[in-house]
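Okay, so here's the structure we're looking at.
The values are calculated or read from the model by the stated rules, or taken from the named source; none is laboratory data. Because the structure is a prediction, the values reported are computed rather than measured. Reconstructed Cβ throughout: ideal geometry from the backbone, glycine too, with neighbour counts over all protein chains shown.
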Amino acid sequence: MAAKALLDRGQAVTMLDGGLELDAERRQVVSALAKQEPDAWDPALTARLRGPLDRPELKPSFGSDFPYVRGLDAGLDERGTRCLASLAKGGLSNVWGAAVLPTPREDFDAWPLTADELAPHYKAAGETLRIAAVRDGLEKLFPFYSEPRPPARPTLQAQALLRHLDARAQNLTASGVSYGRARLAVDAEGCRDAGLCLSGCPYGSIWNSAQEVETLRKRPGFQYKGGLRVRRVQSTPGGVRVSARALAGGAPADFEGARAFLACGPLATARLALVSMGLFGRELTLRFQPYFLLPAAMRSNVPGAAAERAMTLAQIFLELRDPAVSSRLVHLQIYTRNEYIADRLSRAARWAGPLAPLVERAFSGRLLAIQGYLHSDEAQGASLRAQADGDDGRLILEARPDAELRRRVRAVASALARRSSDLGFRPLTPLLRVGAPGEGNHVGGIFPMRRSPGELETDALGTLPGLPRVHLVDSSVLPSLSSATFTYTAMANAHRIGSRA
Ligand SMILES: Cc1cc2nc3c(=O)[nH]c(=O)nc-3n(C[C@H](O)[C@H](O)[C@H](O)COP(=O)(O)OP(=O)(O)OC[C@H]3O[C@@H](n4cnc5c(N)ncnc54)[C@H](O)[C@@H]3O)c2cc1C
């Protein structure tokens, strides 16, 4: 989004990127499937594109882990966190869930700018993401900044649940629950209900920033250089110097420009900034959205759900306002039957021996998965510091056990259980899983933008005092992470900085 805004201003942009891509063999399978309708797909081919279903915290893309660099390869020494980084073209948008909401107005309290100042940039980012959505009860909390595109068809389970929620709308409002259809960066008109959303869409219907890079490449003034790892940025008199190395072979490559914009994902951006400034050992805070996964059961089995082929990204968003649980909104994304839920159910049903198929049938149209997020203020945050280590340095991330946070998450599950007759599902609280700090990569806020920034804070254009003309434009500069998804906000902010820097 920063590159787009700069090109719109007539500036030339050179994008330096890790640029790793899916291997050629899998790419061939994807393009073979994309040429056919899902009904004609060879099950052996689709099976090859499905990765392991038992590690949702590291969801593969078309069966491959190419989007991820982890641990010491990513320069991360993790102690109690579970963070991710990427050197892929398109980064983690190769695996993201495409759920998009703007930050609610009330959560701009720690920001050096208002929601209105970000509005035109939300519009630009929304038009880029082509957000598929419905104007519904969520609009009061989350206005539309760009015209919504037609949504995907809700699954049978989602339709049943929405009917129930509509029937109980008054009670739900009175008890602090807002709900609506999930807002997704998905081309719903191109969606063919293949049901492979969580493994990778062969039709490319889920927005991926790699597609956007290809669009930018057609614009005059834009150059893309993949296969590079940027290791240092320096401010020079009147400009910047960027030092990189080829991922293959390690040949050095230096670039000069008027300004640099860092969007490596919050952790890689932090490492690059701290190592470039030689700031080792200084402790900063990594903010993250506390995350949990809560299975739930609908009141009755929805006929036909087990055999249905449908879009399997989030179906419904629920927003809970309950001061006994959190002073901020709690954001919940409801998923109906998908490949992960089906796999879990069939493994769980094995205890029933010969009756397993009956058990599966009884639950296949009832089970839901709820992904829940709290505002970053609800967690202590993890500590982050850079350590000198070879040329690139490393980041040490450390999170302490946070009993208060676990209590809060359990309180959310209880709050849902109390409202279960209005919600139309009952949480399966014994199966609640609280994510490790950083899980799902919902992290940032390392160098928060401030009106009067300190040494390790950024100004409203994402610049650190020690690195003039270098703008940090990813979630590393967000002053707080609202419980609602924040990639859309990070994109809008990058566009704002690219428009004004
Ligand atoms: C499984 C999963 C599901 C998610 N679902 C959602 C969701 O539904 N909604 C939502 O809002 N967010 C979601 N997220 C989070 C979202 O994916 C991230 O917020 C988003 O990808 C961040 O974008 P980014 O470009 O800042 O960083 P990244 O996606 O990490 O991309 C980093 C980019 O920088 C490049 N790069 C990194 N280091 C260097 C270097 N040193 N030199 C050169 N290039 C470099 C990489 O090649 C890549 O292009 C999800 C994340 C995961 C893992």
**Q.** Positions within the range 39-49 being out of contact with any helix residue (DSSP H, G or I) (no Cβ under 7 Å at 6 or more places or on another chain) and either in a loop (DSSP other than H, G, I, E, B) or farther than 17 Å from A194 by Cβ (or both), in sequence order
**A.** D42
**Q.** Boolean, S146 is of a type outside the set (D, E) and touching a residue at least 40 places away in the same chain (Cβ under 8 Å)
**A.** no
Q: Would you be able to tell me the number of residues in the range 117-162 that are of a type in the set (V, I, T), crowded, with 19+ Cβ neighbours inside 10 Å and closer than 26 Å to R299 by Cβ?
A: 1
Q | For A119: the one exception among (1) without any contact (Cβ under 8 Å) to a residue 60 or more places away in the chain; (2) closer than 30 Å to E21 by Cβ | A | (2)
**Q.** Failed item in (1) surrounded by 18 or more Cβ atoms within 10 Å (Cβ to Cβ); (2) away from the ligand (no atom under 13 Å from the Cβ); (3) closer than 30 Å to F142 by Cα; (4) among the charged types (D, E, K, R), with E78 passing the rest
**A.** (3)
Q: Report those helices (runs of 4 or more DSSP H) wholly inside the range 395-501 carrying at least 3 residues which are crowded, with 18+ Cβ neighbours inside 10 Å and away from the ligand (no atom under 16 Å from the Cβ).
A: 403-418
Q | Boolean, D107 is surrounded by 21 or more Cβ atoms within 10 Å (Cβ to Cβ), away from the ligand (no atom under 13 Å from the Cβ) and under 28 Å from R450 (Cα atoms) | A | yes
Q | Qualifying residues in the range 275-310 (those that are in contact with a strand residue (DSSP E or B) (Cβ under 8 Å, 6 or more places away or on another chain) and among the small types (G, A, S)) - the one nearest to V325 (Cα to Cα) | A | A296
Q: Output the residues belonging to the range 188-217 that are crowded, with 19+ Cβ neighbours inside 10 Å and either of a type in the set (S, T, Y) or under 18 Å from R149 (Cα atoms) (or both).
A: C191, S199, S205, I206, W207, N208, S209
Q: Check P112 against each of (1) within 16 Å of the ligand (Cβ to nearest atom); (2) under 26 Å from G438 (Cα atoms); (3) at pLDDT 95 or above and name the one condition it does not meet.
A: (1)
Q) Mind checking which residues of the range 172-228 are in a loop (DSSP other than H, G, I, E, B), without any contact (Cβ under 8 Å) to a residue 24 or more places away in the chain and of a type in the set (D, E, K, R)? A) K218
Q | So A270, is it under 24 Å from A194 (Cα atoms), of a type in the set (G, A, S) and either within 14 Å of the ligand (Cβ to nearest atom) or surrounded by 15 or more Cβ atoms within 10 Å (Cβ to Cβ) (or both) | A | no
Q | Selection status of A125, outside any loop (DSSP other than H, G, I, E, B) and within 13 Å of the ligand (Cβ to nearest atom) | A | yes
Q | Members of the range 9-38 found to be of a type in the set (D, E), in a loop (DSSP other than H, G, I, E, B) and surrounded by fewer than 17 Cβ atoms within 10 Å (Cβ to Cβ), listed by number | A | D23, E37
(Q) Of the conditions (1) within 20 Å of the chain's Cα centre (by Cα); (2) outside any loop (DSSP other than H, G, I, E, B), A273 satisfies every one except a single condition; which number is it? (A) (1)
(Q) Looking at S376, S327, S346 in this structure, which one is polar (S, T, N, Q) and modelled with pLDDT of 95 or more? (A) S376
Q: Go through the range 81-96 and give me each residue that's on the phi < 0 side of the Ramachandran plot and surrounded by 21 or more Cβ atoms within 10 Å (Cβ to Cβ).
A: T81, C83, L84, A85, S86, L87, A88, K89, S93, N94, V95, W96
Q: Would you please name the residue that is farthest from L286 (Cα to Cα), looking only at residues in the range 86-95 that are within 6 Å of the ligand (Cβ to nearest atom) and outside any loop (DSSP other than H, G, I, E, B)?
A: A88
(Q) Pairs please, first residue from the range 93-112 and under 20 Å from E139 (Cα atoms), second anywhere and of a type in the set (F, W, Y) and assigned to a helix (DSSP H, G or I), Cβ atoms under 7 Å, 6+ apart in sequence or on different chains. (A) V100/Y488; L101/Y488; P102/Y122; P102/Y488
**Q.** Selection status of T236, polar (S, T, N, Q), loosely packed, with under 14 Cβ neighbours inside 10 Å, farther than 11 Å from V13 by Cα and more than 24 Å from the chain's Cα centre (by Cα)
**A.** yes
